[in-house]
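Here the structure is laid out as structure tokens; the discussion comes afterwards.
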Amino acid sequence: MPTEGQQKLLEELKNSLTRALPEGRITSGDYARTGCHLEVRLSDAGMRRIAMVMKDNRFYLETITAVDFPGSFELIYFYSTCHDDICRVIARIQILKDATPHTVSAVYPGAIWLEREIYDFFGIRFLDHPDLRRLLNPDDADYFPLLKTFGKTKLTEEIDDILC
Amino acid sequence: MLNIKTIDDTSINERVYQLNLGPQHPSTHGVLHLLLKLDGEVVVAAEPIVGYSHRGHEKMAENRIWEQFLPNTSRIDYLSGLIYNQGYCMALEKLCGIEVPERAEYIRVITSELNRISSHLLGIMAFVMDIGAFTPFLYGFDDREHVLDLLERVTGSRLTYCYNRFGGVRNDIDQEFCDGTRRFIARLRGRFKDYHNLITENIIFIKRTRGVGIITEETALEFGVTGPSLRGSGVNYDVRKNEPYSIYPEFDFEIPVRKEGDVMARYQVRMAEMEQSMNIIEQALDNLPQGPVRSHVPRFIDPPAGDIYFAFESARGAVGYYIVSDGTRIPYRIKVRTPSFSNLFVLTRVLPGNFIADAIATLGSIDVVVPEIDR
Amino acid sequence: MNITQLPFIKEIYGFLGQDLVAAVIGILIILVFVPLNSAFLVWVERKVAGHIQLRPGPMEVGPHGILQTLIDAVKLMSKEMITPKLADKFLFWLAPIIIIIPAIVCFVVIPFSPLMQVREMNVGILLIFSFSSLTVLSILMAGWASNNKYALIGAVRAVAQNVAYEIPLLLSTMSIIIMTNSFKMSEITAAQSPVWFIVYQPVAAIIFFISTTAETNRAPFDLVEAESELVSGFHTEYTGMRFALFFLAEYTNMFIAASMGAVLFFGGWHGPFFPGLIWFVAKVYILIFVIIWVRWTFPRLRFDQLMNFAWKVMIPVALLNLMITAIVLKVL
């Protein structure tokens, strides 16, 4: 059950986000099931505006990740507070396979490495990123490992045998 | 605007030379490569280069069934293996709606806190060894042996555990484990006096760590620093208190916070955290209920389609599992948010302007485990 | 008061020339003693370090590991002596030689007992100081010639550190010298007959010991070879027997520093019941034990703190001590 402080914070946040992003969809999340209090869905790159709103409200960027769906990527930004009234906000945007979203590293410098990791694993290039190189894989790698089209191991076939 | 000096950004200056700290080096904790640009003894720019122990855990997750990813979790951060195990199991239990018996929760908390103590012992003592005092490292390892022996009796492993299961833990603990833990806590409390005498009150140590490697609260929040590194900078944030999970709300413990943000503050936070962990373990042992240690769960679990983000506190900071399930027995995506990833990157902002010796002290005090960054 | 007074030697040198025989016998004894001493000290250090760290240290080779250093020396001799490709070959080869020769030369004036001193010189103490200053030259050569950044940083630190700590070392020794009006080691020892000088000059003793720990690059002043920062400092690139020579030199320097401390402050070979030699060796080894003990207890000083300590604390205190000693001697 959200506490009073949390509810107030969520309300304020909802208002500032709606003002900053008229085109996005902001819904309350089911914390008990998904672990987030507020969910923001966008269909284009308004990430920087969200990031600025979040920074003004003293949230920190916990992590950024991407998921490879057939036909699109989903970029997910996780924000969280450090107060007693914890409040988690997840911002998702759906982008096409060769889209170039804007970087948020101007607002949160910690995103430099997070976005490099996403580039390294998925091949998603970020606009205006100061230093877009591979992070974890070798510098001369020509593959993006976490794409679904990149090699399935033999183990999966064995698993299919076990489970069927 | 962005103020980081990336390594190629330094203006051409004849006095500046480049020094590679690592990847093979006696003091980098794991296979870390720190590229330093130095002017004499002063660091002008620093860039960590990671990826030497990248094993592809997140890709492995997409090629295994849910149960088979359990051993991977403890190898991501090998010093907090039990805590990562617990987090993964709790995330899936939340997703599937599985209930965990109370005794299992207590056992999970006891073993996780013992793991936290052993991780802090290693982290602190390795940092002190980097500063130059070789002896406390071995005293800390002596204490750590006791913890590892206790955990080995129960879980079967010393470092990379796979003890938690969906719905509880694998097997029960016995009376000898409880007695041994109590004896260990009494012994460690006595040893703390020695540690404070030898390290904390040593004038050379104080001079090496006071006012060195300061991380301000602003910088910490901008970079997503969590854990003792954040609590040493004055922010009272611990997932166990701010966003309680498991049965942590039932225990009475404090979160140590220091304001200075220097190396000494982080060291003191870690020492105080060990004492708080001991309090938690004692309370848990006193109130340990009887009952089963694992609820009845099908052999292969079938989580519903959906996603969940579950956060918990390891020895290094806030960890998060972001799990996407498509309704099958194989995960669609598992993303592990590790604290060392953000904690290490903050060094690009903190190190410039310090001496090399201070750079080593700061790197040690952040307590990085590189496999956690590389996954 | 030298070795030539022993009876059976007198006949031999009767027709050879006493100085030559004394010198040759003395040097031979020293050349045998130095490696044995270093081997023994390496074993002592490892055992003491082990016991301080709650472990037994070397136990395998020989009873309680006493042959460990011998086997290590054999191992080092069998290793290839690698020279880095772009190193300055002549200096690289020369550095280990230059570090060990002055250390051996300093043994010439150390009074092991009333009869056992290879050569008595009017400027005994000055000889030891000047030759031990040559180590810093060798360290700089090693660091530069290795063509390795870590080695160079270590060498540069060593130069600054050694030069800075020479001064309090000399000033504290001066306080003793003006008390005895002599540079001769044997006279200083003889002057401590009833009371050792540590009673008269405790401050000088403390300054002396801190300075010698810094001069021999031992912890807490071992930034020069700080393992966790610089891999191995100036001897990073040295392998095999060359590395063994650096090691040998370090322990020999420790012995010389401790014997200077024993002579200047602890009465040299004075002591009841036992012959002078045993007292001298005992005092030296006790001082070495204290140096080893300090190494495994304290963390390392940062370099600027080290230099600040030398220039801003040690030198003023040493000067003050010298002034007070001079005034007191004039008045009394």
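The values are calculated or read from the model by the stated rules, or taken from the named source; none is laboratory data. No experiment lies behind these values; they were computed from the predicted model shown. Ideal geometry is used to build each Cβ from the backbone, glycine not excepted, and the neighbour counts take in all protein chains shown.
Miscellaneous remarks
Yes or no, residue by residue, for (1) aliphatic (A, V, I, L, M); (2) touching a residue at least 24 places away in the same chain (Cβ under 8 Å); (3) more than 24 Å from B:Gln24 (Cβ to Cβ):
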| site | (1), (2), (3) |
| --- | --- |
| C:Ile188 | yes, yes, yes |
| C:Phe197 | no, yes, yes |
| C:Pro202 | no, no, yes |
| C:Phe209 | no, yes, yes |
| C:Pro220 | no, yes, yes |
| C:Thr236 | no, yes, no |
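- Criterion (assigned to a helix (DSSP H, G or I), out of contact with any strand residue (DSSP E or B) (no Cβ under 9 Å at 6 or more places or on another chain) and either on the phi > 0 side of the Ramachandran plot or surrounded by fewer than 24 Cβ atoms within 10 Å (Cβ to Cβ) (or both)) met by exactly one of C:Leu306, C:Leu248: C:Leu306
- Residues (touching a residue at least 60 places away in the same chain (Cβ under 8 Å) and either acidic (Asp, Glu) or in a helix (DSSP H, G or I) (or both)) located in segment B:140-181: B:Leu151, B:Thr155, B:Asp172, B:Cys178, B:Thr181
- Filtered residues of segment C:17-61 (kept if assigned to a helix (DSSP H, G or I) and either aromatic (Phe, Trp, Tyr) or in contact with a His (Cβ under 7 Å, 6 or more places away or on another chain) (or both)): C:Phe33, C:Phe40, C:Trp43
- Residue that is nearest to the other protein chains (Cβ to nearest Cβ) [pool: residues in segment A:65-100 that are buried (at least 22 other Cβ atoms within 10 Å of the Cβ) and part of a loop (DSSP other than H, G, I, E, B)]: A:Ile86
- In the set (1) of a type outside the set (S, T, N, Q); (2) part of a loop (DSSP other than H, G, I, E, B); (3) under 21 Å from C:Val294 (Cβ atoms), the condition left unmet by C:Val203 is number (2).
Matching residues to (1) in contact with a Cys (Cβ under 8 Å, 6 or more places away or on another chain); (2) surrounded by fewer than 22 Cβ atoms within 10 Å (Cβ to Cβ); (3) free of Cβ contacts under 8 Å to residues at least 12 places away in the same chain; (4) away from chain A (no Cβ under 14 Å):
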{"position": "B:Arg231", "(1), (2), (3), (4)": "no, no, no, no"}
{"position": "B:Pro249", "(1), (2), (3), (4)": "no, yes, yes, no"}
{"position": "B:Lys259", "(1), (2), (3), (4)": "no, yes, no, yes"}
{"position": "B:Val263", "(1), (2), (3), (4)": "no, no, no, yes"}
{"position": "B:Tyr267", "(1), (2), (3), (4)": "no, no, no, yes"}
{"position": "B:Ala272", "(1), (2), (3), (4)": "no, yes, no, yes"}
{"position": "B:Pro304", "(1), (2), (3), (4)": "yes, yes, no, no"}
{"position": "B:Glu313", "(1), (2), (3), (4)": "no, no, no, no"}
{"position": "B:Ala318", "(1), (2), (3), (4)": "no, no, no, no"}
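- Looking across B:Arg103, B:Arg116, B:Arg108, one residue alone is surrounded by fewer than 21 Cβ atoms within 10 Å (Cβ to Cβ), at pLDDT 90 or above and charged (D, E, K, R). It is B:Arg103.
- For segment C:86-96, the criterion of being closer than 30 Å to C:Ile188 by Cβ, in a loop (DSSP other than H, G, I, E, B), assigned by TED's automatic domain parsing to the domain that holds C:Leu169 and among the small types (Gly, Ala, Ser) is satisfied by no residue at all.
- For segment C:302-312, a residue qualifies if it is over 14 Å from B:Asp130 (Cβ atoms), facing chain B (nearest Cβ under 7 Å) and touching a residue at least 40 places away in the same chain (Cβ under 8 Å), and exactly one does: C:Phe303.
- Some residue of segment C:146-156 being assigned to a loop (DSSP other than H, G, I, E, B) and crowded, with 19+ Cβ neighbours inside 10 Å: yes
- Scope segment A:104-128; condition in contact (Cβ under 8 Å) with a residue 40 or more places away in the chain and β-branched (Val, Ile, Thr); matching residues: A:Val104, A:Val107, A:Ile118, A:Ile124
- Test result for B:His57, within 26 Å of the chain's Cα centre (by Cα) and either modelled with pLDDT under 85 or within 14 Å of chain C (Cβ to nearest Cβ) (or both): no
- Residues in segment B:208-229 that are farther than 22 Å from A:Ala51 by Cβ and either among the hydroxyl-bearing types (Ser, Thr, Tyr) or within 9 Å of chain A (Cβ to nearest Cβ) (or both): B:Thr209, B:Ser229.
- Residue list for segment C:131-154, restricted to those being more than 14 Å from every other protein chain (Cβ to nearest Cβ) and of a type in the set (A, V, I, L, M): C:Leu134, C:Val136, C:Leu137, C:Ile139, C:Leu140, C:Met141, C:Ala142, C:Ala145
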